[in-house]
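Heads up: the structure comes next, in structure tokens.
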């Protein structure tokens with residue numbers, strides 16, 4: 001696979017997604033697969049689901065033209081596409097009939113098992129300062145669990161117009177660049193195709209969205225990204241093979257981790273949706289949907305860019321010898337990314353919320369103490385369940 005195949009695959013997938021998304025929305029409306037406003041969501045009107053069908057169609061069409069579907073590599077690609085079709089079907093049924101969590105989980109395992117059975121397996125991983133680790137017979141089951149995990153990470157992050165599609169498109173581009181540099185051209189082309197399909201769907205999914213991808217889309221993109229990560233990086237002998245996917249998908253990983261920990265701390269089932277996600281919390285401190293999603297896009301670009309830079313900056317000769325000068329640059333870049341992440345999570349969310357919450361409490365109780373304010377803010381932030389900011393709160397805080 002060449003760079004030309006990847007570029008053309010992106011363009012074709014983008015065009016097919018743009019063409020098929022409107023009829024998919026009409027089909028979803030006819031069959032009753034419609035998302036209605038709920039307390040945990042940010043949508044304000046009925047919105048058709050099943051956008052994943054258009055994304056799948058775009059991926060399949062572009063893959064037929066630009067993917068290598070012959071030989072051992074082709075067998076793995078066919079396995080990925082078959083698994084993608086199955087998880088899209090399961091997700092579509094969930095979008096229409098709201099399947100029980102256990103049924104969805106079993107469906108995710110079944111879909112992930114198809115590409116793994118076709119050879120999309122991490123038989124070994126290579127870690128910095130440790131070297132290659134042979135996973136043996138555990139490689140297959142661990143890969144299935146990893147793919148299911150990525151599917152749920154993307155699914156959890158799909159809660160605001162354009163977020164999951166945009167983050168997945170950015171991540172897929174990063175994976176394509178890394179995979180090409182690792183001589184994994186077929187995986188890189190599939191990544192480009194995935195990015196094109198997600199970007200084409202985003203035309204209709206960006207706020208105000210006229211269609212949602214639904215579980216069929218979020219699970220599909222999660223499975224594709226997981227398989228691309230395995231084929232494009234994890235299976236290689238690259239020193240940072242396992243690190244690349246973790247950094248590229250850091251934003252949805254962190255979001256999912258925080259949400260799950262909050263639900264466990266509050267003794268709530270992890271599969272029951274709530275308003276603890278980054279996008280919900282940013283919305284409640286007064287950010288518009290567009291501003292929220294653009295901040296999260298910027299964060300994703302930053303961490304994905306850092307993952308790509310790790311592949312191209314010659315801080316090591318891959319034999320264990322480090323180049324001190326370049327290593328210092330890599331560390332400094334990592335600190336910048338870490339600082340920006342802390343800024344986005346702490347300054348934009350926590351400090352602004354504290355200021356706004358203090359203004360509301362002082363209007364309600366002019367004699368409220370600093371200790372009471374601190375206690376109230378701490379409780380609200382720990383649970384993630386706090387009221388949305390009103391215009392008067394923002395005005396009083398300025």
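All of the numbers you see were taken from the coordinates with simple rules; none came from a lab. Treat the numbers as computed from the prediction; the structure is a model and nothing was measured. Quick reminder, even Gly has a Cβ in these numbers, built from the backbone with ideal geometry, and neighbours come from all protein chains shown.
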Quick check on the exposure proxy: order 375, 113, 157 from fewest to most C-beta atoms within 10 angstrom. 375, 113, 157
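Under the classification rounded if a/c is under 1.5, otherwise prolate if a/b is larger than b/c and oblate if not, where does the range 58-135 fall, given a ≥ b ≥ c as square roots of the Cα gyration tensor eigenvalues?
Numbers: a/c = 2.77, a/b = 1.33, b/c = 2.09.
Because a/c hits 1.5 or more and a/b fails to exceed b/c, the range 58-135 counts as oblate.
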Subtracting the Cα-Cα distance of residue 288 and residue 149 from 0.36 nm times their residue separation yields 47.1 nm
Quote the FRET efficiency, to the nearest 0.05, computed for residue 210 versus residue 237 with a Förster distance R0 of 45 Å and r equal to the Cβ-Cβ distance. 0.50
Counted neighbours (other Cβ, 10 Å), sorted fewest up, put 333, 77, 151 in the order 333, 77, 151
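Could you calculate the contour length gain from residue 31 to residue 109, that is, 0.36 nm times the residue separation minus the distance between their Cα atoms, to one decimal place in nm?
Numbers: separation 78, 0.36 × 78 = 28.08 nm, distance 2.67 nm.
That pair, residue 31 and residue 109, stretches by 25.4 nm at full extension.
Just want to confirm a number: the relative contact order over the range 15-152, from Cα pairs under 8 angstrom separated by 6+ residues, in percent.
So the answer I get is 19 percent.
Once the piece of chain linking residue 332 and residue 46 is laid out straight, how much longer is it, given 0.36 nm per residue of separation minus the C-alpha distance between them?
On the way: separation 286, 0.36 × 286 = 102.96 nm, distance 4.65 nm.
Full extension of this stretch gives 98.3 nm more.
Taking the number of other C-beta atoms within 10 Å as the exposure measure, put 326, 299 in order starting with the fewest. Could you put the intermediate results ahead of the total?
Working: 326 13, 299 22.
Fewest to most other Cβ atoms nearby, the residues stand as 326, 299.
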